[in-house]
Amino acid sequence: MRHMNKECPSPRNFRPDLPLPVANLIERMVAKDPRERYADWTAVAEAIDAYAGGKVIAYTARRVRRRRARLALAAVLLTSLGAGVGVIWSQLG
């Protein structure tokens with residue numbers, strides 16, 4: 001029940017070498033208040049893109065598909081990492 005009442009600890013508690021922007025991204029993805037979370041996967045992808053320093057430019061259709069696939073994969077990996085932090089945290093309680 002601890003996971004229902006308390007915020008998750010920072011992912012940096014488990015991975016101190018994790019860059020702060022990535023930790024902030026994960027914390028926002030697992031926020032208790034849905035209004036504090038990203039609205040959808042596109043918002044997550046944009047945050048990842050901003051962190052990576054990517055620029056939105058006119059891509060060919062093939063490049064757009066590859067870019068979306070990479071961003072979707074990154075979003076899935078970060079979601080998995082966030083879920084893993086939540087599981088570890090719930091087992092510590």
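Using 0.36 nm per residue and subtracting the Cα-Cα separation, the extra length available between residue 33 and residue 18 on full extension is 3.0 nm.
Phi angles across segment 81-91 convert, under the Karplus curve 6.51 cos²θ - 1.76 cosθ + 1.60 with θ = phi - 60°, into 3J(HN,Hα) values of 4, x, 5, x, 4, x, 5, 4, 4, 5, 6 Hz, Gly and Pro given as x. Here the calculated FRET efficiency for residue 42 and residue 87, from their Cβ-Cβ distance with R0 = 30 Å, stands at 0.70, rounded to the nearest 0.05.
None of the figures in this text is laboratory data; all of them are computed from the coordinates on show. Predicted, not measured: the structure shown is a model, and the values here were computed from it. Cβ coordinates were reconstructed from backbone atoms using ideal geometry, including for glycine residues, and neighbour counts include every protein chain displayed.
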